[in-house]
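Quick notes on the structure that follows.
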Ligand code: IPE
Ligand code: IPE
Ligand code: MG
């Protein structure tokens, strides 16, 4: 496990939780067994993020494109979601975690939407950490929906197109409610974004790991945050204008994450 400086945490961590199917296949199990183990990993990582003090964690649980997988896999994923929206209630409440969701949620079956709504209502008063589930989410779709909303406002005369700037668009993106992504992690060995948070992750530090999602745990998160803290974020500026963060830190400022 690497050392984490708790005074310089990423404020928003987003994770593409990939590799469930391969995890199961490597064990001669059906892909759905990998999704079930993946749901357990969600609990571990959520706890670890909360314990560290990360304010926002966004998890890519189901993409808009994932609807085109075989129906039995889609059904199993929806069932798992429904199950965990009930079983994890105490975990969220005890840790004062607020649940949020982004994506074309209207495409989820009614029972999933009802459970999601109930758990969001039960946790809306908490500010320990915001856990956002990306469900039926696609970054392009999110932008298309936002553009449609702005076009409607222009058409009904409540928005002057000349005043549209990046803030106007950002205000329509539910994924931006918790701010831009500082650290984006993808498990499972692929090095791509797969339509996840194209706007919010524009300046995110990227961390790719070969670990399959069911094997990813608290220590993997600490390692990813440790790597993030060695990066120099420049945001288009020149190094002298940014805080150099890759110099060794004094030992006193380092705290073990466990
Ligand atoms: C990620 O694991 C979970 C979802 C996309 C729902 P995958 O199911 O994509 O697993 P691999 O990438 O096939 O191993
Ligand atoms: C991205 O993984 C979506 C989620 C993790 C929910 P995919 O497995 O669907 O992405 P691709 O097919 O590798 O791009
Ligand atoms: Mg995959």
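The values are calculated or read from the model by the stated rules, or taken from the named source; none is laboratory data. Computed from a prediction, not measured in an experiment: that's the story for all the values here. A quick note on method: Cβ atoms are made from the backbone with ideal geometry, for glycine too, and the neighbour counts reach across all protein chains shown.
Starting from region 156-171, keep only residues that are more than 17 Å from residue 143 (Cα to Cα), then list their pairs with residues that are surrounded by 10 or more Cβ atoms within 10 Å (Cβ to Cβ) and at pLDDT 95 or above whose Cβ atoms are within a distance under 7 Å, requiring at least 6 positions of separation or different chains.
159/150; 159/153
State all residues of region 180-208 that are within 12 Å of the chain's Cα centre (by Cα) and either at positive phi or not in a loop (DSSP other than H, G, I, E, B) (or both); if no residue qualifies, say none.
Those that are within 12 Å of the chain's Cα centre (by Cα) and either at positive phi or not in a loop (DSSP other than H, G, I, E, B) (or both): 183, 184, 185, 186, 197.
I want to confirm something. Restricting to region 198-218 and keeping residues that are within 14 Å of ligand 2 (Cβ to nearest atom) and touching a strand residue (DSSP E or B) at 6+ places or on another chain (Cβ under 6 Å), which single residue is nearest to residue 133 (Cα to Cα)?
201
Return yes when residue 85 is within 30 Å of residue 146 (Cα to Cα) and either within 14 Å of ligand 2 (Cβ to nearest atom) or buried (at least 21 other Cβ atoms within 10 Å of the Cβ) (or both) and no when it is not.
It is true that residue 85 is within 30 Å of residue 146 (Cα to Cα) and either within 14 Å of ligand 2 (Cβ to nearest atom) or buried (at least 21 other Cβ atoms within 10 Å of the Cβ) (or both).
Going through region 55-77 one residue at a time, which ones are over 24 Å from residue 177 (Cβ atoms), touching a strand residue (DSSP E or B) at 6+ places or on another chain (Cβ under 9 Å) and more than 11 Å from ligand 2 (Cβ to nearest atom)?
74, the sole residue that qualifies.
Can you find a residue in region 127-137 that is surrounded by fewer than 16 Cβ atoms within 10 Å (Cβ to Cβ) and either within 21 Å of the chain's Cα centre (by Cα) or outside any helix (DSSP H, G or I) (or both)? I'd like the intermediate steps shown before the answer.
Restricting attention to region 127-137, the residues satisfying the condition of being surrounded by fewer than 16 Cβ atoms within 10 Å (Cβ to Cβ) are 127-128.
Filter once more, keeping what is either within 21 Å of the chain's Cα centre (by Cα) or outside any helix (DSSP H, G or I) (or both): 127-128.
Among the residues of region 127-137, at least one is surrounded by fewer than 16 Cβ atoms within 10 Å (Cβ to Cβ) and either within 21 Å of the chain's Cα centre (by Cα) or outside any helix (DSSP H, G or I) (or both), which makes the answer yes.
Assuming residue 43 fulfils every condition listed in (1) within 16 Å of ligand 2 (Cβ to nearest atom); (2) closer than 23 Å to residue 93 by Cα apart from one, which condition is it?
Single failed check for residue 43: (1).
Under 6 Å between Cβ atoms, which residue pairs at least 6 apart in sequence (or on different chains) link something in region 185-205 that is in contact (Cβ under 8 Å) with a residue 40 or more places away in the chain and farther than 20 Å from residue 145 by Cα with a partner that is within 14 Å of ligand 3 (Cβ to nearest atom) and not in a loop (DSSP other than H, G, I, E, B)?
Partner pairs satisfying both residue conditions: 185/15; 186/16; 186/208; 187/213.
If you check residue 9 against the conditions, is it more than 16 Å from ligand 3 (Cβ to nearest atom) and either within 18 Å of residue 85 (Cβ to Cβ) or surrounded by fewer than 18 Cβ atoms within 10 Å (Cβ to Cβ) (or both)?
Working: more than 16 Å from ligand 3 (Cβ to nearest atom): yes; either within 18 Å of residue 85 (Cβ to Cβ) or surrounded by fewer than 18 Cβ atoms within 10 Å (Cβ to Cβ) (or both): no.
It is false that residue 9 is more than 16 Å from ligand 3 (Cβ to nearest atom) and either within 18 Å of residue 85 (Cβ to Cβ) or surrounded by fewer than 18 Cβ atoms within 10 Å (Cβ to Cβ) (or both).
Looking at region 153-193 only, could you name the residues that are touching a helix residue (DSSP H, G or I) at 6+ places or on another chain (Cβ under 8 Å) and within 16 Å of ligand 1 (Cβ to nearest atom)?
Scanning region 153-193 gives 185, 187, 188, 193.
Against the condition surrounded by fewer than 21 Cβ atoms within 10 Å (Cβ to Cβ), within 16 Å of ligand 3 (Cβ to nearest atom) and part of a helix (DSSP H, G or I), how does residue 74 come out, does it pass?
yes
Considering only region 10-38, how many residues are within 7 Å of ligand 1 (Cβ to nearest atom), in contact (Cβ under 8 Å) with a residue 60 or more places away in the chain and either touching a strand residue (DSSP E or B) at 6+ places or on another chain (Cβ under 9 Å) or part of a helix (DSSP H, G or I) (or both)?
Keep residues of region 10-38 that are within 7 Å of ligand 1 (Cβ to nearest atom), which gives 17-23, 31, 34-35, 38.
Then keep just the ones that are in contact (Cβ under 8 Å) with a residue 60 or more places away in the chain; that gives 17-20, 22-23, 34, 38.
Subsequent filtering for residues that are either touching a strand residue (DSSP E or B) at 6+ places or on another chain (Cβ under 9 Å) or part of a helix (DSSP H, G or I) (or both) retains 17-18, 20, 22-23, 34, 38.
Summing the residues that are within 7 Å of ligand 1 (Cβ to nearest atom), in contact (Cβ under 8 Å) with a residue 60 or more places away in the chain and either touching a strand residue (DSSP E or B) at 6+ places or on another chain (Cβ under 9 Å) or part of a helix (DSSP H, G or I) (or both) in region 10-38 gives 7.
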